[in-house]
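Comments concern the structure below.
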Amino acid sequence: MLSGKIRKNIAIGDLVELVQKQHQRSGELTEGIVKKFLTKSQNHPHGIKVMLTDGTVGRVQNIIEEED
């Protein structure tokens, strides 16, 4: 699984697991499709912040590889 801490690993339209701000302590993950990037830097120690197609915002923890 690719790291969600490095921006170049993530593309618009990727299926990812992210942690929302209110779930940082519990580590609860939310799955969705990346709509846009909210982190400008190329990497971030807690994960690149993105918005999903449903409007959810959080930091990417895992990038889910599509099965061929």
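Taken together, the values in this text are just the output of simple stated rules run on the coordinates, not laboratory data. Note that this is a predicted model, so its numbers are computed, not measured. Counting neighbours? That spans all protein chains shown, and the Cβs are built from the backbone with ideal geometry, glycine included.
Per-structure values
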read-out: Top-ranked residue of the range 23-36 - restricted to ones that are within 12 Å of ILE10 (Cβ to Cβ) and of a type in the set (A, V, I, L, M), ranked as farthest from the chain's Cα centre (by Cα); value: ILE33
read-out: Considering residues of the range 37-68 that are charged (D, E, K, R) and surrounded by 10 or more Cβ atoms within 10 Å (Cβ to Cβ) only, the residue farthest from the chain's Cα centre (by Cα); value: GLU65
read-out: Residues (in contact with a Ser or Thr (Cβ under 8 Å, 6 or more places away or on another chain) and not small (Gly, Ala, Ser)) located in the range 6-33; value: ARG7, ASN9, GLU17, LEU18, VAL19, GLN20, HIS23, THR30, ILE33
read-out: In the range 4-41, residue farthest from ILE64 (Cα to Cα) [restricted to those that are free of Cβ contacts under 8 Å to residues at least 24 places away in the same chain and aliphatic (A, V, I, L, M)]; value: LEU38
read-out: All positions within the range 38-68 that are in contact with a helix residue (DSSP H, G or I) (Cβ under 7 Å, 6 or more places away or on another chain), part of a loop (DSSP other than H, G, I, E, B) and under 14 Å from ASP14 (Cβ atoms); value: ILE48
